[in-house]
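Novice: The following block contains the structure, expressed as structure tokens.
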Amino acid sequence: MISLLLRELVHLQDTRVHSGLDAARLRQLENDHGITLPEEHKTVLQWSNGLEFYAGYIRLFGLYTTESIDAYDWNDRECWKFAWADRCSAYWCFGETAWGDQYAYSLKERHEGEGANVYLLDALSMTPQIVASSFVEFLRDELLPSARDPYDDLLRQARQRFGSLDVTSHLMYVPSVLLGGAEDINNVQIMNARSAMICNGDIATQLDAAPPHMAVKGVQSYDDESHRTRLILLWTEK
């Protein structure tokens, strides 16, 4: 099954394939960090260490790489997950859409050998939803259809407007949908991927913590002590 899916992947238009990952590096991930990937996922990484589909708008991460997104670095809490408190700390992200929706495994399930469910973590809330019960099912039923013809009309519109998208970039609504911005292509901008994930986390967690009698009157950006772009919401009485 996996070999058939790989043949389909390589023949998709606007797909970027990379050199394969050495098996020793996969063992390093398991030995040093306790993360065991499904065998079919390992096969894909050994075939291509990271993949970008639909001109960069849908991605599978690589490992120990500079050619695609490095899943080990991306899952480091200080990269972007810190901005989301504990919402996504229980998941190991291995792919994404250009909006920042994350494809992920449950760390608990992988550590305990309970299966290989694939979750989609929403970019604006990090709310998890199971989209496949295995990596093969994910490739067949989620990734391949999306790579051929994304079901997200705004993703298609963004590709028409911006062309190919670099893996270091995300799409972001300005103003954020969380703050009342409209899901309209005219409100979409390209932003550094890490910064976009942090900013979405800052907005979501501050909205959750706000007293019910307060309303957002503005947004202010600043650089934190680690020189990361952050957002702080400004409040007023309703």
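Novice: Over the chain, what relative contact order in percent results from Cα pairs under 8 Å that are six or more residues apart?
Specialist: Across the chain, relative contact order equals 15 percent.
Novice: Using a Förster distance of 30 Å, how high is the FRET efficiency between Trp235 and Glu112, based on the Cβ-Cβ distance and rounded to 0.05? Spell out each step's value before the answer.
Specialist: Values: r = 42 Å, r/R0 = 1.41.
E between Trp235 and Glu112, to the nearest 0.05, is 0.10.
Novice: In whole Hz and in residue order, list the ³J(HN,Hα) couplings for region 150-162 that follow from phi through the Karplus curve 6.51 cos²θ - 1.76 cosθ + 1.60, θ = phi - 60°; x for Gly and Pro.
Specialist: Going residue by residue, I get x, 6, 8, 4, 5, 5, 5, 5, 5, 5, 5, 7, 9 Hz, with x marking Gly and Pro.
Novice: With the dipole of region 2-148 worked out from charges on the C-beta (+1 for Lys and Arg, -1 for Asp and Glu) around the Cα centre, which of His111, Thr127, Val44 lies farthest toward the positive end?
Specialist: Checking the options against the dipole of region 2-148, the answer is Val44.
Novice: Per 0.36 nm of contour for each residue apart, how much would the distance between Asn187 and Ser164 grow if the chain were fully extended, relative to their Cα-Cα spacing?
Specialist: In short, 6.4 nm is gained.
Novice: I would also like to ask the following. Relative to the Cα centre, what is the charge dipole magnitude of the chain, using +1 at the beta carbon of each Lys and Arg, -1 at the beta carbon of each Asp and Glu, and rounding to the nearest 20 debye?
Specialist: Here the size comes out at about 300 debye.
Novice: At q = 0.16, 0.19 Å⁻¹, what is the base-10 log of I(q)/I(0) for region 2-148 according to the Debye formula with one equal point scatterer per Cα and no solvent? Please give it to two decimals.
Specialist: The Debye formula, applied to the Cα set alone, gives -0.83, -1.24.
Novice: Please tell me the relative contact order of region 153-237 in percent, rounded to the nearest whole number, where contacts are Cα pairs under 8 Å and at least six residues apart.
Specialist: Relative contact order for region 153-237 comes out at 22 percent.
Novice: Could I ask something else about it? Just to confirm my numbers, what's the Cα centroid distance between region 45-113 and region 158-217 in Å?
Specialist: Spelled out, the Cα-based centre of one part sits 19 Å from the other.
Novice: Let me ask something else. Direction-averaged shadow area of the convex hull around the Cα atoms of region 153-237, nm²?
Specialist: For region 153-237, the mean projected area of the Cα convex hull comes to 6.4 nm².
Novice: Could I ask something else about it? Determine the calculated [θ] at 222 nm for the chain from helices alone, applying -39500 (n - 2.57) to every DSSP H run no shorter than 4 residues and normalising by the residue count; nearest 500 deg cm²/dmol.
Specialist: Calculated at 222 nm, the ellipticity per residue is -8500 deg cm²/dmol.
Novice: I would also like to ask the following. So between Arg156 and Asp122, what do we pick up on full extension, going 0.36 nm a residue minus the alpha carbon distance?
Specialist: Computed gain between Arg156 and Asp122 is 10.4 nm.
Novice: Starting from 0.36 nm per residue, how many nanometres of slack lie between Ser89 and Gln220 once their C-alpha separation is accounted for?
Specialist: Residue separation times 0.36 nm, minus the Cα-Cα distance, leaves 44.5 nm.
Novice: Compute the FRET efficiency between Gln46 and Asp73 as 1/(1 + (r/R0)^6), taking r as their Cβ-Cβ distance and R0 = 22 Å, and round to the nearest 0.05.
Specialist: Approximately 0.65, to the nearest 0.05.
Novice: Please name whichever of Leu139, Ile203, Ile190 sits farthest to the positive end of the charge dipole of the chain, dipole taken about the Cα centre and charges placed at Cβ: Lys and Arg +1, Asp and Glu -1.
Specialist: Looking along the dipole axis, the top candidate is Ile190.
Novice: Can you compute the modelled spin-label distance between His11 and His213, with each label point 7 Å from Cα toward Cβ, in nm?
Specialist: Taking the simple label geometry, His11 and His213 are separated by 6.6 nm.
Novice: Among residues other than Ala215 whose Cβ falls under 15 Å from its Cβ, what is the net charge (Lys/Arg +1, Asp/Glu -1)?
Specialist: Values: positive: Lys217, Lys238; negative: Asp208, Glu237.
It works out to a net charge of 0.
Novice: So who's got an amide H within less than 5 Å of the one on Trp235, skipping anything under 5 residues away but keeping other chains? H placed 1.01 Å off N, in plane.
Specialist: Lys217
None of the figures in this text is laboratory data; all of them are computed from the coordinates on show. Given the structure is predicted, the values throughout are model-derived calculations rather than measurements. Reconstructed Cβ throughout: ideal geometry from the backbone, glycine too, with neighbour counts over all protein chains shown.
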